[in-house]
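Here is the structure we will look at.
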Amino acid sequence: MDIYLDNNATTPVDPAVVEAVTRHLTDRFGNAASSHVRGRAAGAAVDVAREHVAELLSVAPTRVVWTSGATEAINTALKGLAAVRGHRSRLVVSSVEHKAVLDVADYLASTHGVEVCLAPVSPAGAVDLDALHTLVNDETFAVAVMAANNETGVLNPVGDVAELAHMFGAAFMCDATQQAGKLPLDLSGVDFAAVSAHKLYGPQGVGALITPRRMPDGFPALLHGGNHERGYRSGTLNLPGVVGFGKAASLAAGSLEEETDRLASLRDELERGLGKLGDVSVNGAEADRLPNTTSVRLGGVDADALIVATPQVAFSSGSACTSAVPSPSHVLLAMGLSSAAAEQTIRLSVGRFTTAEDVAGALELIAACAEQLRVLGAA
Ligand code: PLP
């Protein structure tokens, strides 16, 4: 099989999670809303999972609402906030947000009269707090800034952004999808947050919306139905998914510290190895970053051509979630890269199951193909 260096797109499911999911698909199946013994057992398993996810994020378990993933959580938060915004019309989002945020913002602008302001980032890729300060005002109903960027791994000053938003009475929504499970994350100061199990060795199709301690009056649900999840997300709970997410969260919390150093040394080795090719730069190198992610520009090498030429290694150009759209990464453009430089950028993201041998093998393959492409390009 391939050498998998695309853990920011999705992670393999940890075997211990597979075991927990399988158990709740088979003998421990049940509807967590049923009142018989099997249903109550399912409900208890959901409660345990809720505690594990809450602990990983340093929030109270009552703030966790299960969703189908981060996209749904973000949609619920931003559309709900727009619905209860009163006289306020402005939504401020960072220019490097995932499309799950940017597209919702566009939707709200075109259909709900919301004024969307894009907050710039520094050349290193972190949100520019001074610029943010000029955009957030008494007209702002919400600010959305991600914890860690999916393409570059660059971290944002979540606490400072929360403080700024609250100073003007705006809600703060933090897309924590990429940081959860990779670095400690304290979401106690944020109002809404989004997380997803498949970025931390859990199953795809399950995530959570972290809600404020006190929901705004009249905050609407995205899905109406059986009044599950305090009415904020109806629908029979995805028991195997939720239990798998809980297991994945508890595994991540237990290995956070030791994993950080190991991942960073694999990431550094990738950067050292690719650096030997010459005309190479690391996007966001000056910023605080996730330990597992590198965004590397290889001068004279088309990233998409490199991916095709190197089928033995799974990696991406820009964000995997948006790679169906053949345009240069909006994240890299926002950091000031030219379209050409963005198109020469690859993203490598190591994970729990990446070994030093994987890194050495990938470096050899990628370097050989990159050199070939450079020769072809020069011909
Ligand atoms: N936000 C970020 C930063 C992401 O990286 C992703 C997925 O790539 C999402 C949101 C969407 O997550 P999901 O697949 O759970 O909807």
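The values are calculated or read from the model by the stated rules, or taken from the named source; none is laboratory data. Note that this is a predicted model, so its numbers are computed, not measured. No Cβ is skipped: glycine too gets one built from the backbone with ideal geometry, and neighbour counts run over all protein chains shown. Just so you know, the surface numbers come from the protein's heavy atoms only, side chains and all, with ligands and any DNA or RNA stripped out. Shrake-Rupley method; radii C 1.70, N 1.55, O 1.52, S 1.80 Å.
Only helices reaching 24 angstrom along their own axis (Cα) with mean Kyte-Doolittle hydropathy no lower than -1.0 count here, and for the DSSP H runs of the chain these are 37-57, 239-275, 356-378. Shown are Phe29, Phe219, whose ranking by accessible area with a 1.4 Å probe and every protein chain present, most to least, is Phe29, Phe219. Local charge sum around Leu129 (other residues, Cβ-Cβ under 13 Å, Lys/Arg +1, Asp/Glu -1)? Around Leu129, the surrounding residues sum to -4. With 22 Å as the limit, the listed pairs Lys182/Lys247; Lys79/Lys99; Lys99/Lys199; Lys182/Lys276 have Lys182/Lys276 beyond it between alpha carbons. Ser110 exposes around 90 Å² of accessible area when a 1.4 Å probe is run over every protein chain in place.
Placing pseudo-labels 7 Å out from each Cα toward the beta carbon at Ser327 and Ala33 gives an inter-label distance of 4.0 nm. The Cβ shell under 13 Å around Ala342 holds other residues with a net charge of -2, Lys and Arg each +1, Asp and Glu each -1. Charge tally for Ser94 (other residues, Cβ to Cβ under 12 Å; Lys, Arg +1; Asp, Glu -1): -3. Between Leu223 and Gln372, the contour length at 0.36 nm per residue exceeds the alpha carbon distance by 48.5 nm.
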